[in-house]
Each structure stands twice: as structure tokens, then as C-alpha cells.
Amino acid sequence: MRILIVEDERKVATLISSGLEEQGWQVEICHRGDDGLALANEQNFDAIVLDIMLPGRDGLSLLRQLRRQRNATPVILLTARGDVDERVEGLELGADDYMAKPFSVVELVARLRAIRRRQSGDGLTTLSLANLSLNLHTRRVRRDDVEIELTPREFALLETFLNSPDRVLSRTYLCQRVWGFQFDPETNVVDVAVQRLRRKIDHNFTPRLLQTVRGVGYALSVE
């Protein structure tokens, strides 16, 4: 997942970012409402964590403008405890959820996962292809009955492939989704990561799943 955090309290933003990055997610942080609106319109995010009290443009104004522009990116509002009117207004403007400060980052992660499940139209916590499975909650990966240890980056890469089985994913797409930056033709970071992942999920297993499509990219599919 790619998450935009719009929060002017830098310590809070850093705390949230650290917790989300531990899940292997990509995080973008900004501290002003107008900057948050620009980022939300310029880039694709899976969700936005949005504080209501912001300099430049407040969170409710930002949310109102996003919905006017038909931007349907899910939004979780961060509110001060007891601000019931603001929560109600936020939900009526199109927020998908809210959390009152102070809150648990673990709960925020769970709510972001719930939003993603609702978007996909199911309650699945496991992604799978052939005899390979990935559990989004426990973060365990198995092939047959063998548990496979992955780094957070490898986990995010495999999750990206499993979300688009049989689809050829370009290096540009993978670089943006997994690393959070634009692809540089001079770097081999994607190729190296894919090779490491292939050794872990395909070595000594059948069928081979992680395919190279020369000149295009990679695909996770049954040969």
C-alpha cells in the first residue's frame, strides 16, 4: 500500500510513518493541508491519513475539495478526542473512518487493512497462487508446507505480484509501488530484488511462478 500522511505534528507523523513502513508499505508525509491536496491530486495513494487541524488548509476543507474533484481515495481522519461534530462532518463529507487522538498505530494499521478489504469487495486476508500463499495479517508466506522468510521489501514485492496474478508488471510500476519513487533506468534495484525473491519462492519448488518477460517486466503466473 502507498499511504499519504497529512499531519502537522512531526513527532506524530514520524510515529505513524514508522509503524506503516514496518508493514512494508510506502509512506509520503506532508505537514500542510495545501501540500497534502497537491500530493493527493498528483500521485496515486491507496489511502490518506488526514489530521483535521492543519496549517494552510484544514483537513475538512481538504477532504471536501478531494470529493468535489471526484477523488475517491479512502481517507481516515485524525481528530481530537471529544470533537464529535467534526467527526460527523468529516463522515458526511466522505471520510471512510476516523480515529481520535491519542490512538494506537496497530489499530490504524488494522483499519487501513479493513479499508483495503472493503475496496476489493471481500474479506480475504490471504493472497495465493498455486501452492504459494501470503497472509496479510500474520505476514507469513508459505509454499506447500514450507514457511518462507522474507524481508519487508520482499514481502511488499510479493504482495504486489499476488494482487495482480498473470499480469506483467513493468519495472517502472514496481519501483513506484514497492519503493515509492520513479524508476531510474540506470539502477538495477528492481531486478536484484526480484532475483532474491525468486530464489526464495521458486528454488526447489514447482511449478515456477515468478516469470521474466524480456523487455517488459515480470509476472507471477503458473507456466
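Quick notes
- Residue within segment 146-154 that is at pLDDT 90 or above and part of a helix (DSSP H, G or I) present: yes
- Any hit, segment 130-146, residues being in contact with a Pro (Cβ under 7 Å, 6 or more places away or on another chain) and in contact (Cβ under 8 Å) with a residue 40 or more places away in the chain: yes
- The C-beta contact set for segment 164-176 (first residue among the aromatic types (Phe, Trp, Tyr), second residue open to solvent by less than 60 Å² (accessible area, probe 1.4 Å), distance under 8 angstrom, 6+ apart or interchain) comprises 173/217.
- For segment 65-123, filtered to residues that are among the charged types (D, E, K, R) and in contact with a Leu (Cβ under 8 Å, 6 or more places away or on another chain), the residue that is modelled with the highest pLDDT is 67.
- Scanning segment 79-87 finds one or more residues that are hydrophobic (A, V, I, L, M, F, W, C), open to solvent by 50 Å² or more (accessible area, probe 1.4 Å) and in a helix (DSSP H, G or I).
- Residue count for segment 202-223 satisfying the condition of being within 18 Å of residue 190 (Cβ to Cβ), exposed (fewer than 14 other Cβ atoms within 10 Å of the Cβ) and either of a type in the set (Ser, Thr, Tyr) or touching a Ser or Thr at 6+ places or on another chain (Cβ under 7 Å) (or both): 1.
To keep it simple, each residue is scored yes or no on (1) open to solvent by less than 30 Å² (accessible area, probe 1.4 Å); (2) free of Cβ contacts under 8 Å to residues at least 60 places away in the same chain; (3) closer than 30 Å to residue 149 by Cβ.
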{"residue": "19", "(1), (2), (3)": "yes, no, yes"}
{"residue": "22", "(1), (2), (3)": "no, no, yes"}
{"residue": "25", "(1), (2), (3)": "yes, no, yes"}
{"residue": "32", "(1), (2), (3)": "no, yes, no"}
{"residue": "35", "(1), (2), (3)": "no, yes, no"}
{"residue": "40", "(1), (2), (3)": "yes, yes, no"}
{"residue": "55", "(1), (2), (3)": "no, yes, no"}
{"residue": "58", "(1), (2), (3)": "no, yes, no"}
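- Failed criterion for residue 11 (all others in (1) farther than 27 Å from residue 157 by Cα; (2) open to solvent by less than 40 Å² (accessible area, probe 1.4 Å) hold): (2)
The values are calculated or read from the model by the stated rules, or taken from the named source; none is laboratory data. Everything numeric here is computed off the predicted structure, so don't read it as measured data. Glycine gets a Cβ as well: all are built from the backbone with ideal geometry, and neighbour counts include every protein chain shown. Side chains included, ligands, DNA and RNA excluded: accessible areas come from the protein's heavy atoms. Shrake-Rupley method; radii C 1.70, N 1.55, O 1.52, S 1.80 Å.
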